[in-house]
Amino acid sequence: MKANTHFAFFDEGSKKEIRRAIMKAVAIPGYQVPFASREMPIARGWGTGGLQLTLSIIGKSDVLKVIDQGADESVNAVSIKKLVHETTNVELTEETSEATIIQSRHRIPEVPLTKDQIIVLQVPTPEPLRGVEEREFVTKRMHSEDDYSGVWLMLFEQIMKYGRTATFADHPVYVNGRYVMAPSPIPRFDNNKMHQSESLILLGAGREKKIYAVPPFTNVESLAFEDYPFTVESFEGHKCHLCGSTDIFLDEIIDQQTGEKSHQCNDTSFCMDQLNRKEKVEVQTSYA
Amino acid sequence: MHEKPILQVRNLRKQFGTGCKDCSELMNRNLEKNFCKSCGTVYACQDISFDLYPGEILGIVGESGSGKSTMMQCLYFDADVTSGEAYISDSILAGQNVFGLSSQQKRSIRNHVYGMVYQNPVHGLKMNFSSVGNIAEKLIAAGNRNVANMEATSKKLLNNVHIPLHRMKEEPRNFSGGMQQRVQIAKALSNNPPILFLDEVTTGLDLSVQANVLDLIKKIQRDLGISMIVVSHDLGVIRMLADRTIVLLNGKVIEEGLTDQVLEDPQHEYTQQLVYSLL
């Protein structure tokens, strides 16, 4: 027997509570708003924060795209998509520009987002100070007092140990010059996309029960020392072996048999788009 | 004395508990030591007042439980005072009771004006961060954002406290107690604080290391002219370091004066007992 679920899985009371938390998060950019994280049909730590945000903001006219580390077709992305689709019947897409809501795990799409879109990021550890302070009431106080020497100290330690800041993802950012925020484990490559972003960025941590946000056109500055400026991952000299794109985030792929290395777009829908465009041009030129 | 004190403490009080009719009257408290038997309130510090002058070392002695450490914690804002005032002679802070400031302002004082060396290095250091990182923490807190600059300062300080530089990137948890204590001193000195608090710094160290640390403190005071408050129950330490000494008993100042005077010619019964029980 299959029960008839409510629109978007949640009862209206739950949506109301989560929307209220979102409103507060948007009003205080970068501030982590606690919320009553619901029990979801997927396990905590598998995107429940993002899923709850998506379900509470989605409407019948929305078009949803879900990505997992840049891929539209990985298991987690597909499961989340299916769940939302089954309970809302909204249109699904893989095309970034067509989506109105994009739920993403650890990537911001390569195609620039617009003011009509909302990106929802899944967050495992929302607290940038957790590495230096375990107690929540202390980190809360540190945030309120603008005491971020702990975050700086972590970066300093990395420079001492490795000669550079060694955050491969989740490099802390200053939001609107006030709160230091964990941008979720997006690569440093994506940090700059948050700065003055046209789209609303919502971040949800289901296990840690926190919601926070970067409203459109907000300053987002990656933390960096004067003599060690912030740098993003460099793919100089590499291009996608499928579509030939450069200046995007590439995955390194190693052939198990030959041990040969090649690079490929991490954002699969972007790659597909490039290939389609190429094909179109080829078809047009061959007919002409 | 024509000099102006750098730190003035007036009527510092710290009590644990609400007090009752037996113990709340200031002049006539019915206490056993510092403890009220009817309500269980502990009066850790009762009306402690003193001045600290620029460049001097002020010794605080007293038996355990006499309120020395509580007083230090209050001065360093680790604990809130019940009542009392403290004034720092500083162009910005002049005339303001520092106990009444906001926690941000207190943190700024801790980062710019104060240095603290705890009895237990666990409280003063982050044991799983490198030694150089520990020193940089204080510099970062004070607004420094230049890595090369902070590294150079940390190296200089570690060198001053005789920590071999090839171990500077090691975590203090790998160090011996004496080394940890010296890293703590280096950290406390990193912002050239005009006031340094030392809480039982040599307790638990063996004699040769004790002598090393004491030498270091004396040298720092001579070279940098930092004012210090040294808390110890060890009269030997006080005799060697302190210019003036305050004797605490049950949270009250019972005697104060030049260290030699207090130790050679103690007036109060308890001080006499303390001095003569010196081995």
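Brief remarks on what is shown
- Some residue of region A:278-288 being among the aromatic types (Phe, Trp, Tyr) and free of Cβ contacts under 8 Å to residues at least 12 places away in the same chain: yes
- Residue match in region A:169-188 (condition: more than 14 Å from every other protein chain (Cβ to nearest Cβ) and among the basic types (Lys, Arg)): yes
- Any hit, region A:184-199, residues being of a type in the set (Gly, Ala, Ser), at positive phi and at pLDDT 90 or above: yes
- The set of residues in region B:122-170 that are more than 25 Å from A:PRO229 (Cα to Cα) and within 10 Å of chain A (Cβ to nearest Cβ) comprises B:LYS126, B:ASN128.
- Residues satisfying the stated conditions in region B:203-216, i.e. within 21 Å of B:MET72 (Cβ to Cβ) and either among the acidic types (Asp, Glu) or assigned to a loop (DSSP other than H, G, I, E, B) (or both): B:THR203, B:GLY204, B:LEU205
- Considered as a group, the residues in region A:134-157 that are away from chain B (no Cβ under 12 Å) and not hydroxyl-bearing (Ser, Thr, Tyr) include one that is surrounded by the most Cβ atoms within 10 Å (Cβ to Cβ), and that residue is A:HIS143.
- Restricted to region B:78-105, and to residues there that are in a helix (DSSP H, G or I) and surrounded by fewer than 18 Cβ atoms within 10 Å (Cβ to Cβ), the residue that is farthest from the other protein chains (Cβ to nearest Cβ) is B:GLY100.
- Residues of region B:193-217 satisfying the condition of being closer than 13 Å to B:ASN160 by Cβ and either aliphatic (A, V, I, L, M) or surrounded by 13 or more Cβ atoms within 10 Å (Cβ to Cβ) (or both): B:ASN212, B:VAL213, B:LEU216, B:ILE217
- A:GLY163 surrounded by fewer than 20 Cβ atoms within 10 Å (Cβ to Cβ), on the phi > 0 side of the Ramachandran plot and either hydrophobic (A, V, I, L, M, F, W, C) or within 14 Å of another protein chain (Cβ to nearest Cβ) (or both): yes
- A:GLU17 meets the conditions (1) surrounded by 13 or more Cβ atoms within 10 Å (Cβ to Cβ); (2) without any contact (Cβ under 8 Å) to a residue 12 or more places away in the chain in every case but one. The failed one is (2).
- Contacts under 8 angstrom Cβ, first residue in region A:69-95 being in the same structural domain as A:ILE42 (by TED's automatic domain parsing) and surrounded by fewer than 17 Cβ atoms within 10 Å (Cβ to Cβ), partner assigned to a helix (DSSP H, G or I) and acidic (Asp, Glu), 6 or more apart: A:GLU95/A:ASP273
- Of all the criteria given as (1) closer than 25 Å to B:LYS219 by Cα; (2) in a loop (DSSP other than H, G, I, E, B), the one not satisfied by B:MET127 is (1).
- Selection from region A:189-223 of residues that are of a type in the set (D, E, K, R) and either in contact with a strand residue (DSSP E or B) (Cβ under 7 Å, 6 or more places away or on another chain) or surrounded by fewer than 19 Cβ atoms within 10 Å (Cβ to Cβ) (or both): A:GLU198, A:ARG207, A:LYS209, A:LYS210, A:GLU221
- Residue list for region B:194-212, restricted to those being farther than 30 Å from B:SER91 by Cα, charged (D, E, K, R) and under 13 Å from the mean Cα position of the chain (by Cα): B:GLU200
- When region B:236-259 is filtered for residues that are under 18 Å from B:THR203 (Cα atoms) and over 16 Å from the mean Cα position of the chain (by Cα), the ones remaining, listed by number, are B:GLY236, B:ARG239, B:MET240.
- Residue within region A:43-53 that is outside any strand (DSSP E or B), in contact with a Pro (Cβ under 8 Å, 6 or more places away or on another chain) and surrounded by fewer than 23 Cβ atoms within 10 Å (Cβ to Cβ) present: yes
- Residue count for region B:146-202, restricted to those that are assigned to a loop (DSSP other than H, G, I, E, B), among the hydrophobic types (A, V, I, L, M, F, W, C) and more than 28 Å from B:ILE6 (Cβ to Cβ): 3
- The residue that is nearest to the other protein chains (Cβ to nearest Cβ), counting only those in region B:110-121 that are in contact with a helix residue (DSSP H, G or I) (Cβ under 6 Å, 6 or more places away or on another chain) and part of a helix (DSSP H, G or I), is B:ASN111.
- Apart from one condition, A:SER269 fits all of (1) of a type in the set (Gly, Ala, Ser); (2) in a loop (DSSP other than H, G, I, E, B); (3) in contact (Cβ under 8 Å) with a residue 60 or more places away in the chain; the exception is (2).
- Taken together, the criteria place A:VAL111 among residues that are in contact with a helix residue (DSSP H, G or I) (Cβ under 6 Å, 6 or more places away or on another chain), aliphatic (A, V, I, L, M) and more than 14 Å from chain B (Cβ to nearest Cβ).
- Number of the condition not met by A:VAL214 [criteria: (1) in the same structural domain as A:ILE67 (by TED's automatic domain parsing); (2) without any contact (Cβ under 8 Å) to a residue 60 or more places away in the chain]: (2)
- When each of B:GLU56, B:GLU63 is tested for being of a type in the set (Asp, Glu), in contact (Cβ under 8 Å) with a residue 60 or more places away in the chain and surrounded by 18 or more Cβ atoms within 10 Å (Cβ to Cβ), the lone residue that passes is B:GLU56.
- Unmet requirement for A:THR100, which otherwise passes all of (1) closer than 24 Å to B:ARG145 by Cβ; (2) surrounded by fewer than 21 Cβ atoms within 10 Å (Cβ to Cβ): (1)
The values are calculated or read from the model by the stated rules, or taken from the named source; none is laboratory data. Note that the structure is predicted; figures quoted are calculated from it, not measured. For neighbour counting, all protein chains shown are included, and Cβ atoms are generated from backbone atoms with ideal geometry for every residue, glycine included.
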